[in-house]
Amino acid sequence: LYIVTNAHVVEDATTLSVSFVDNSVYEAQLCGTDTDIDLAVLKVAVSDLTDDTLSQIAVITVGDSDALEVGEQVVAIGNALGYGQSVTTGIVSALDRSITNESGTTSTYIQTDAAINPGNSGGALLNLDGELIGIYTAKLSDTDVEGMGYAIPISYVIDRIAELIT
């Protein structure tokens, strides 16, 4: 099984593990990262999973982030504050929002007002059909700012994900 997350989530890790919906935890291996777009792909051997865990896993359908419109409702799934799975909703506030990261790389993102907290990085941004349209990567945090989360558009990185898998 392949798991997409952020490069900054796995950065400097000496071991990696993935927790599944049944609370089982399995060792993961890093397939590759792209720090310029803050993307990482992990893998967990299906042969390592119990039948019970495997029966509870559903592979997500990849949507088309190019078809998004400002004002469209979205769902953000993550692990806010490390408490376990969390789900929030919001709307697409802006598209093609340019943000420059700490290393000086500028990329364009989907901006939403869904509640994004530490631990949500690498989580899924879904449309209302349950399709993956983005990977959460950042949020603005300031006393003057609320509800500004950013996701990597899936249509922009789907080919890169396939390259990292191989």
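The values are calculated or read from the model by the stated rules, or taken from the named source; none is laboratory data. These numbers were taken from a predicted model, which means no experiment stands behind them. In this analysis, Cβ positions are derived from the backbone assuming ideal geometry, glycine residues included, and neighbour counts consider all displayed protein chains. When the accessible area is computed, the model is the full protein with side chains, heavy atoms only, and any ligands, DNA or RNA have been set aside. Shrake-Rupley method; radii C 1.70, N 1.55, O 1.52, S 1.80 Å.
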Relative contact order of segment 27-68, pairs being alpha-carbon contacts under 8 Å that are 6 or more residues apart, as %: 27 percent
Contact order relative to length of segment 1-56, as percent, for alpha carbon pairs under 8 angstrom and 6 or more apart: 40 percent
Cα gyration tensor of segment 42-82 - equivalent ellipsoid semi-axes, whole Å, descending: 30, 15, 10
Estimated FRET transfer efficiency when R0 is 22 angstrom, pair Lys43-Glu131 (beta carbons, to 0.05): 0.50
Solvent exposure ordering (accessible area, 1.4 Å, most first) of Asp34, Asp66, Asp113: Asp66, Asp113, Asp34
Per-residue HN-Hα couplings for segment 65-81 [Karplus 6.51, -1.76, 1.60; θ = phi - 60°; Hz; x = Gly/Pro]: 5, 5, 8, 5, 10, 4, x, 5, 6, 9, 10, 10, 10, x, 9, 4, 6
Mean separation of Cα contacts under 8 Å (6+ apart) over length of segment 1-159, as relative contact order %: 20 percent
Of all accessible heavy-atom area on the chain, the percent that carbon and sulfur account for (1.4 Å): 47 percent
For segment 106-116, Karplus couplings with θ = phi - 60° (6.51, -1.76, 1.60), whole Hz, Gly/Pro x: 9, 9, 10, 9, 8, 9, 10, 9, 4, 5, 10
Residues whose placed amide H lies under 5 Å from that of Gly119, excluding near-sequence neighbours: Leu81
The chain: angle of helix 154-165 to the longest principal axis, Cα-based, in degrees nearest 10: 30 degrees
Per residue accessible area of segment 1-156, 1.4 Å probe, in Å²: 56 Å²
